[in-house]
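The structure appears below as structure tokens.
Read the figures in this text as sums done on the coordinates, not as results from a lab. Computed from a predicted model, the values in this text were never measured in an experiment. Positions of Cβ are generated from backbone atoms using ideal geometry, with glycine treated the same way; all protein chains shown enter the neighbour counts.
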């Protein structure tokens with residue numbers, strides 16, 4: 001059975017390179033400005049709330065790194081690509097758990113050089129991987 005070739009369409013066929021560059025610059029400018037102002041705002045926030053600067057910095061980094069993932073997941077759900085939304089979320093979680101497990105240095109070993117939190121993270125990683133890929 002022969003299949004017809006799918007039409008290739010671009011999202012914005014009438015957009016010229018110069019227009020795309022101007023749009024990119026217009027959207028990038030607030031991001032760069034926010035990145036330059038954020039440390040000063042975080043310092044003032046920590047001082048006024050009585051929190052440590054490392055706590056505020058950790059929270060801001062968490063929010064700043066999670067927002068793009070949330071935006072992609074929401075957009076994937078909106079266009080009906082549920083597998084992409086789930087895979088992106090699970091893949092990110094697997095990466096984060098693996099990174100934490102590799103960076104964690106236990107003080108007391110339980111089994112073959114591993115301690116309880118490391119074994120728990122390994123179990124979580126395996127359960128997450130089985131849920132995502134094993135069925």
Fill in the blank from the handout: Neighbour-count ranking for 100, 79 (other C-beta within 10 angstrom, fewest to most) reads 79, 100
Completion exercise
Ranked from fewest to most other Cβ atoms within 10 Å of their own Cβ, 14, 115 fall in the order 14, 115
Fill in the blank from the handout: Counted neighbours (other Cβ, 10 Å), sorted fewest up, put 92, 18 in the order 18, 92
Exercise for the section: Would you compute the Debye intensity of segment 22-89 from its alpha-carbon atoms alone, equal scatterers and no solvent, and pass along log10 I(q)/I(0) at q = 0.26 Å⁻¹ to two decimals? Expected result: -1.02
